[in-house]
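Here the structure is laid out as structure tokens; the discussion comes afterwards.
The values are calculated or read from the model by the stated rules, or taken from the named source; none is laboratory data. In this text, all values refer to a predicted model and were calculated from it rather than measured experimentally. We place every Cβ from the backbone using ideal geometry, glycine too, and count neighbours over all the protein chains shown.
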Amino acid sequence: MELLHAATYELHGRTCMGKIHAIKEGERTYCGTDRRYTNGVIAVGERGAVTCKGCIRSLDAADNYEQQQQEWEQRRAELGKQRQQEQDEWWAGYTEYLQSPAWARRRRAVLTRAGGLCEGCRENPAVHVHHTTYAHAGNELLFELVALCRDCHQIAHPDKVI
């Protein structure tokens, strides 16, 4: 780390040692001091040598920020894994449900209600039953399901290939 050793100075007839600052970028220190006004000398040193309280506070704040960022990234990764696991479990259960007699009964009731025609276009034969919501997946109310042809189902899911 680059350090700025500020020159000694006189204060009330006493000679005082200049503070040791940490250089942040170019001509500035972490406390905001411009090195050109200190008549100081730049040298390489350890953080522990810094005596300027403003620089110390800024360095501590930067360290705390970095640590919080790392903790947040770790937490975000953990939550992402947890969310993915929950989604995988939900889809596994949903896929299993779509093979059940309960789904077969609901599907048949929706196709019968539609009279075999797509409820999207009322022109083509209905071949799919689409969920308008997954809020009650596994125990859907019939009005949450619509009978659709392949084309209308594709419109309902533009990001998927039906």
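Here is a yes/no grid of residues against (1) charged (D, E, K, R); (2) under 20 Å from Q87 (Cβ atoms); (3) in contact (Cβ under 8 Å) with a residue 24 or more places away in the chain; (4) loosely packed, with under 12 Cβ neighbours inside 10 Å:
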{"residue": "G115", "(1), (2), (3), (4)": "no, no, no, yes"}
{"residue": "C118", "(1), (2), (3), (4)": "no, no, yes, no"}
{"residue": "R122", "(1), (2), (3), (4)": "yes, no, no, no"}
{"residue": "L142", "(1), (2), (3), (4)": "no, no, yes, yes"}
{"residue": "A147", "(1), (2), (3), (4)": "no, no, yes, no"}
{"residue": "H153", "(1), (2), (3), (4)": "no, no, yes, no"}
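What about V129, is it hydrophobic (A, V, I, L, M, F, W, C) and modelled with pLDDT under 95? No. Restricting attention to the stretch 44-72, the residues that are surrounded by 12 or more Cβ atoms within 10 Å (Cβ to Cβ), over 31 Å from the mean Cα position of the chain (by Cα) and of a type in the set (G, A, S) add up to 3. Scan the stretch 42-64 for residues that are within 21 Å of T8 (Cβ to Cβ) and touching a helix residue (DSSP H, G or I) at 6+ places or on another chain (Cβ under 8 Å) and the total you get is 2. On the stretch given as the stretch 116-161, residues that are under 23 Å from R105 (Cβ atoms), of a type in the set (A, V, I, L, M, F, W, C) and outside any helix (DSSP H, G or I) total 13. Take G54 and tell me if it is of a type in the set (G, A, S), assigned to a helix (DSSP H, G or I) and over 13 Å from M1 (Cα atoms). So G54 fits the description; yes.
Just one of the listed residues (N124, N39) is on the phi > 0 side of the Ramachandran plot and more than 35 Å from the chain's Cα centre (by Cα), and it is N39. Within the stretch 74-105, the set of residues being surrounded by 10 or more Cβ atoms within 10 Å (Cβ to Cβ) and not in a helix (DSSP H, G or I) comprises L98, S100. In this structure, L111 does not satisfy being assigned to a helix (DSSP H, G or I) and in the same structural domain as R28 (by TED's automatic domain parsing).
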